[in-house]
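For reference, the structure discussed in these notes is given below.
The values are calculated or read from the model by the stated rules, or taken from the named source; none is laboratory data. Keep in mind it's a predicted model, so treat the numbers as computed, not measured. Note that each Cβ is placed from the backbone with ideal geometry, even for glycine, and that neighbours are counted across all protein chains shown. Accessible surface areas use protein heavy atoms only, side chains included; no ligands, DNA or RNA. Shrake-Rupley method; radii C 1.70, N 1.55, O 1.52, S 1.80 Å.
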Amino acid sequence: DLVEASKASSGNIRIEPAKIDLQELTEQAAAEFEDKFSAKSLEFCLTKPETPVFVNADGRHLWRVFENLFNNASKYSLEGTRVYGDVGTDGENAFFTIKNVSAMKLNISPEELTERFVRGDISRTTEGSGLGLSIAKSLASLMGGELKIEIDGDLYKATVNLPVYKEPEDE
């Protein structure tokens, strides 16, 4: 994680943009984390449009962003609650949002959460380096997007915004 964080924050990672179906990636991540969610009695609820939402992103790095966000939801959500996922677009940008109610009091600012070696609650003793959101934020930025974190009481919300995929124009 430390090497990846260093490479991501310095921009020393090769980005290979491709046409990625954001809805499909979200559904794959939800399936991948189904066991972790059910172990804590978490229900994943996805809202998505009728048609696919394609982004221009590096699939491997975007998966790393999603993996981090779903992993955080599985670790830190209040047991027996719902985790909400939303996929959508405004035409220029596409977004994926994940939100959950935190099991612990969120006594930290959203800006601090994306710094290196920071964890959402100083009393947390679960595994983790505190680098995940920092890496995810850097990777989103390198792909021309952003990761935005919002905290409202115990509600945690992370939104990944990325450019919508545009077909190359014929010359």
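One table, with the values for the structure above:
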read-out: Complete set of residues in region 97-109 that are in contact (Cβ under 8 Å) with a residue 60 or more places away in the chain and either surrounded by fewer than 19 Cβ atoms within 10 Å (Cβ to Cβ) or hydroxyl-bearing (Ser, Thr, Tyr) (or both); value: Thr97
read-out: First in region 55-71 and closer than 18 Å to Ile98 by Cα, second anywhere and open to solvent by 20 Å² or more (accessible area, probe 1.4 Å) and not aliphatic (A, V, I, L, M), Cβ under 7 Å, 6 or more apart; value: Val55/Pro163; Val55/Tyr165
read-out: Asp170 vs. criteria at pLDDT 80 or above and open to solvent by 40 Å² or more (accessible area, probe 1.4 Å); value: no
read-out: Neighbours by Cβ (under 6 Å, 6+ apart or cross-chain): first from region 131-147, without any contact (Cβ under 8 Å) to a residue 60 or more places away in the chain; second in a helix (DSSP H, G or I) and open to solvent by less than 20 Å² (accessible area, probe 1.4 Å); value: Glu146/Ala140
